[in-house]
Structure formats: structure tokens, C-alpha cells
Amino acid sequence: MSKVYVFDHPLIQHKLTYIRDKHTGTKEFRELVEEVATLMAFEITRDLPLQEVEIETPVSKAKAKVIAGKKLGIIPILRAGIGMVDGILKLIPAAKVGHIGLYRDPETLKPVEYYVKLPTDVEERDFIVVDPMLATGGSAAEAIHALKKRGAKNIKFMCLIAAPEGVEAVQQAHPDVDIYIAALDEKLNDHGYIVPGLGDAGDRLFGTK
Ligand code: URA
């Protein structure tokens, strides 16, 4: 079974409180989501492999470490996932960004792909799929499936807030995909919103209703 990591660093928790607050406006909400994504990217890249290089400091020759050229891809699930991308790219500027768009089939209520655009070398990259909210887990599981069926092997899923139902659904569907979250909330309500959550992440990011 995959692992679930809760990044409860004080800075993340502090910023998340203002993200949740309904009085926080679009501009600040967007900035805070980006900042939390940066902080989470710092933690999620903890296992990146390093390699030794030789450099010269002003004082002497030295052996030092740099990241071993790992190829990474960030995959936001449209549309709210877009709000996390720039924050991650601040720390991993060379990462490629793909996009996955899903809609809910009105009859089956299952998520269906309507847009998938990925880096060409999918088999060689490690991927971080991002979406601020992990609610039922349907979209996350389908997005991961869309990536796997195109050849991706190593995938992590990162979100701000998860419901227990969503975590379980992704773990069941993809036991090889670790999940990284800033907060695990109580439950889903009858409308599929996470409680207490933050409302509709897409609407709050883009100022729509
Ligand atoms: N998507 C959201 O934006 N918010 C929720 O609470 C659940 C899904």
C-alpha cells in the first residue's frame, strides 16, 4: 500500500489557515496556494538523487553534490491544479509541465479525459500530479491512470487538502503512488465538498463562481 505524508510544517499550516478562510480574496488566495506549493515541493523532493562533482571554492578544490539530472514532470489536473504549478517551478525550474483535463460523465458520474498533453519522454520522467483538493479521489485516480497508460512509471500525488475517502480511493486504485498532503480533513459533505475544506478551489483561485 502506498504511503501518505502529511506536511504539517508550521509555515504550511499557517498559510493553509488563511487559504481556508472565506474572507481571503482571490489575489491573496492565489499567492498563498503558490507559496504552500513551493513549501511542499521542498519536502516532496527530499529523495531526489544526488551526484558528486568537483568544484573549486575561492579557498580550495572540493567535492560537492548536485542533483543527478533527474527528469521531472509536473501534471496539474485542470483547472485548479494550475494554481500549484508556479510554486513548484520556483524550486524545480527545469521540470516539464503536462496537463490533464477531466469531466464527469453525467450518466456514469465517472471522470472522463477531455485533454491530455504530456512531455514526449513520459517513460523517462518521474511525475508529480497536483490538484489542491483530493475529494472523492475519482479525478486523481483517473489522471494517474491516464499517465500510466501512456508509459509513466514513477508517480507521486500532491494536494493541499484531502478527505479520507479520497485518500482511500487513490490508494485502492494506485497502491504504488504515494500521496503528499498539507492537511487531512474530516469528511466529504453531500455535495462532494471537503469539510471543513476551503470551498471550491478553482473558483477561489480564478475568481469565478
Ligand atoms: N473540489 C474543490 O474545489 N473543493 C472541495 O471541497 C472538493 C472538491
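Grab the other residues whose beta carbon is less than 13 angstrom from that of A152, score K and R as +1, D and E as -1, and report the net. After counting each charged neighbour, the total is +3. Its Cα centre serving as origin, the chain has a Cβ charge dipole (Lys and Arg +1, Asp and Glu -1) of approximately 440 debye. Relative to the longest principal axis of the Cα atoms of the chain, the long axis of helix 10-20 makes an angle of roughly 30 degrees. Axis angle, to the nearest 10 degrees, between helix 138-148 and the longest C-alpha principal axis of the chain: 40 degrees.
Between the range 35-92 and the range 118-160, the alpha-carbon centres lie 18 Å apart.
Let me check I've understood the local charge: for P196, count other residues with C-beta under 11 angstrom from its C-beta, Lys and Arg +1, Asp and Glu -1. What total comes out? So the surrounding residues net to 0. Secondary structure note: in the range 49-111, about 75% of the DSSP beta bridges are antiparallel. Positive end of the dipole of the range 109-209 (Cβ unit charges, origin at the Cα centre): among M133, L147, L184, the Cα lying farthest that way belongs to L147. Potential lengthening of the chain between K149 and E56 amounts to 28.9 nm, from the contour at 0.36 nm per residue minus the alpha-carbon distance.
Helix 164-173 and the longest principal axis of the Cα set of the chain meet at an angle near 70°.
Taking every DSSP bridge with both residues inside the range 77-209, close to 35 percent are antiparallel.
Pairs over the 20 Å Cα-Cα cut-off, from the set K96/K156; K90/K156; K117/K148; K65/K156; K90/K117; K153/K187: K65/K156; K90/K117; K153/K187. Other residues whose C-beta falls under 10 angstrom from the C-beta of Y180 contribute a net charge of 0, scoring Lys and Arg +1 and Asp and Glu -1.
Here, each number is a calculation from the coordinates, and none is a lab measurement. Everything numeric in this text was worked out from a predicted model, so none of it was measured. Using ideal geometry, Cβ is built from the backbone for each residue, glycine included, and neighbour counts are taken over all protein chains shown.
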